[in-house]
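Below is one structure, written out as structure tokens, with a few remarks after it.
None of the figures in this text is laboratory data; all of them are computed from the coordinates on show. Remember, it's a predicted structure, so these values are computed and weren't measured experimentally. Reconstructed Cβ throughout: ideal geometry from the backbone, glycine too, with neighbour counts over all protein chains shown.
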Amino acid sequence: VHQSLSTVGKKSRNGSYLTPGNIIDESLADLHMQPRTFLDPCCGTGRYLLRAARLFSIDPHRLYGFDVDPAAVDIASVNLLLDHPDWDFMPRIRCLNSLTDLANGQPECDTNNLLNTVDAIATNPPWGSNHQYATPSSRNTRLKSNESFSLFLEKSLTLLRPGGRMSFV
């Protein structure tokens, strides 16, 4: 539904496309672990979250998803609730810019508790373009590039616990 509501031009500008289920499954299998916590920093409608919860039997309280698209975040939250009808929980899926607002170390940031704590991160980040959501002056990075795949990779490394695993498409 979400893909049909977004224009091709918008998806292209944002580097955002639907990830086929078989690709998600292969990406999750590449983690070679049984994570207790899972995060997708650009979760879209939550397909990685849903598949990780099923594959690894992860408690939905331990799933985290973030995206800049409010409609996608709403759909991801509903998808997670529908997939776990017997659980009493609020999805930990939020609309924010993972590159600048997720666990950024600022005192007022309420996601700093995720720094160096997540067991597994898997995602298909927007890539192939300069990411309009993170200018060099608005993020803390050693990268000179503004290419989004690199920025999401760098950000995710700050969220993984020692020994954690990551898989990017």
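Here the Karplus curve 6.51 cos²θ - 1.76 cosθ + 1.60, taken at θ = phi - 60°, turns the phi angles of the stretch 100-110 into couplings of 10, 10, 8, 6, 8, x, 6, x, 7, 7, 7 Hz, with x standing for Gly and Pro. When a/c is below 1.5 the answer is rounded, else prolate if a/b is larger than b/c, else oblate, so apply that to the stretch 49-135 with a ≥ b ≥ c taken from the square roots of the Cα gyration tensor eigenvalues. Taking the square roots of the gyration eigenvalues as a ≥ b ≥ c, the stretch 49-135 is prolate. Packing, taken as the mean count of other beta carbons within 10 Å per residue, orders the peptides 102-112, 59-69 from highest to lowest as 59-69, 102-112.
Rounded, prolate or oblate: which fits the stretch 87-130 when a ≥ b ≥ c are the square roots of the eigenvalues of the alpha-carbon gyration tensor, with rounded for a/c under 1.5 and prolate only if a/b beats b/c? Oblate is the answer for the stretch 87-130, as a/c is 1.5 or above yet b/c matches or exceeds a/b.
Taking a ≥ b ≥ c as the square roots of the Cα gyration tensor eigenvalues, the stretch 12-85 comes out oblate, since a/c reaches at least 1.5 and a/b does not exceed b/c.
Remark: the stretch 31-37, residue by residue, has Karplus-estimated 3J(HN,Hα) of 5, 6, 7, 10, x, 9, 10 Hz, where x stands for each Gly or Pro and the curve is 6.51 cos²θ - 1.76 cosθ + 1.60 at θ = phi - 60°.
When each of the peptides 76-83, 39-46 is scored by how many other beta carbons lie within 10 Å of its residues on average, the order from highest to lowest is 39-46, 76-83.
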